[in-house]
Structure formats: structure tokens, C-alpha cells
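Since the structure comes first, as C-alpha cells, the remarks are kept for the end.
The values are calculated or read from the model by the stated rules, or taken from the named source; none is laboratory data. If you're wondering where the values come from, they're calculated on a predicted model, not measured in any experiment. Ideal geometry is used to build each Cβ from the backbone, glycine not excepted, and the neighbour counts take in all protein chains shown.
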Amino acid sequence: MSNTKHSYLLSALMAAGLAFAAVSAQAAVDVAGAEAALKVNKCAKCHSVDKEKTGPSYKKTAEKYKGQADAEAKLYTHLTTGPKIKMDGEDDVHVKAKGDEASIKNMAQYILSR
Ligand code: HEC
């Protein structure tokens, strides 16, 4: 009896541990990789982590998308489709990020976690 209870508790703990591992794997940002990709793409020409330049700071973007489940998908679209934007008050299109899907998603994660 007490054995059954014990193993039930143990498997519940293991399940919780696995769930935690899954969540942290999803949230893990490769910071060095993202910073390298942002550099290659020259994003810093128009963006900084915490200062407004031609484009919004990454902190401001993180704030804008806070709590939105599809934030990463939205930024991925922003970075891959060359959407219409206003730049210095003029109609323009945003640059398309170079890199594979994983690298661009990692940049999005990086920005959202500033
Ligand atoms: C030539 C200037 C310029 C460059 C280079 C540039 N951006 Fe932007 N970016 C902008 C401007 C301007 C906006 C604001 C667009 C708007 O609000 O209409 C913007 C918006 C954004 C946003 C916010 C999108 C949103 O949905 O709120 C993100 C994130 C972003 N850029 C990331 C990047 C990344 C990553 C790179 C490099 C691959 C990059 N940008 C390169 C000018 C630039």
C-alpha cells in the first residue's frame, strides 16, 4: 500500500520534472547566437536593446508583445516577409532577416526576452 503511494508520488514528481524541462527548453534563448545573427543582419543600424533609434528598442517590442502566445510567430513574420512599415515618417518596407528558420526564431525569442 505505502509502496504504491510512494511510486505514484514519484511518477507525479517525474512528470512535473519533465514538464518543467519542456518549458525551460522552449524558453531557452541562445543569446550569443542571437547577438551574432543580429550583427550579421546589421539590425543595430536601426535598433538597440533599450534605446529608440529609427526602429523601436527590443525592450519596447518585448513590452508590446508581453503575454501574447503568438508573439514569436508575429516577429517571425515581421522578419521574413518584408512588411510595410513607416520609417522616419515615410512608407517603406522592413528588411528581411537572413538566416535559417531556427536562427530567425532565436532572434525573435531574444528580442521578446529583453
Ligand atoms: C533600416 C532600418 C531598420 C533595419 C536595418 C531593421 N529594422 Fe526593424 N524596424 C525598423 C522600423 C522603422 C520599425 C518600426 C516599424 C513600424 O512600427 O511601422 C522596425 C520594427 C521592428 C520590430 C518590431 C515589429 C513589431 O511587430 O512591433 C522588430 C522586432 C524589428 N524591427 C527587428 C529587426 C531585426 C531583428 C532586424 C535585423 C534583421 C531589423 N529589425 C532591421 C527599422 C529597421
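Annotations
- Which listed residue is within 12 Å of Ile111 (Cβ to Cβ), at pLDDT 95 or above and surrounded by 10 or more Cβ atoms within 10 Å (Cβ to Cβ), from Lys53, Lys39, Lys59, Lys98: Lys59
- Qualifying positions in segment 29-51 - touching a helix residue (DSSP H, G or I) at 6+ places or on another chain (Cβ under 7 Å) and outside any helix (DSSP H, G or I): Val29, Asp30, His47, Val49, Asp50
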